[in-house]
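No lab work stands behind these numbers, since they all come straight from the coordinates. This one's a predicted model, so the numbers in the text were calculated from it and none came from an experiment. Note that each Cβ is placed from the backbone with ideal geometry, even for glycine, and that neighbours are counted across all protein chains shown.
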Amino acid sequence: MAFHDKKSVTAMEHHATAGSPTQELAPGFMPKGVNDEPYGPFAIAGADHLYSGGAQKVRAISNDVAMGTFRPG
């Protein structure tokens with residue numbers, strides 16, 4: 001997180017990892033991120049929160065342990 005001199009949030013970077021139902025059930029429907037890599041939007045649905053706080057960057061990371069242990073979704 002980044003703060004300005006009044007200690008309010010001005011930016012946030014969020015790394016979210018989860019098993020992805022879309023990756024398991026319909027990988028062709030996964031949208032591509034700014035890095036041109038597909039990601040599971042439903043796996044990180046809560047990352048785009050309702051609070052204001054300046055710029056926000058969300059990085060979606062597939063959880064290989066979850067994907068290999070159980071079938072998400």
Most fluctuating of ALA43, ALA55, ALA16 in the GNM of the chain (C-alpha, under 10 Å) is ALA55
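Report the antiparallel proportion of the DSSP beta bridges in the chain as a percent, rounded to a multiple of 5.
DSSP beta bridges in the chain are roughly 25 percent antiparallel.
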Checked against the structure, the computed Cα extents along the principal axes in Å among [x] 40, 36, 21; [y] 46, 24, 19; [z] 54, 23, 21 is the one labelled [y]
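Can you give the longest run of the chain that contains no chymotrypsin sites (Phe, Trp or Tyr not before Pro) sitting in a DSSP loop with at most 16 other Cβ atoms inside 10 Å?
By the stated rule (loop sites, at most 16 other Cβ atoms within 10 Å), 1-41.
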Going residue by residue through the stretch 59-71, the Karplus relation 6.51 cos²θ - 1.76 cosθ + 1.60 with θ = phi - 60° gives ³J(HN,Hα) values, rounded to whole Hz and with x marking Gly or Pro, of 10, 8, 10, 5, 8, 4, 5, 4, 5, x, 9, 9, 8
Under 5 Å from the placed amide H of HIS14, counting only residues 5+ away or on other chains, we find LYS57, VAL58, ARG59
Expressed as a whole-number percentage, the relative contact order of the chain with C-alpha contacts under 8 angstrom and at least six residues apart is 41
GNM on the chain, Cα springs under 10 Å; top mean-square fluctuation among GLY19, GLY54, GLY40 goes to GLY54
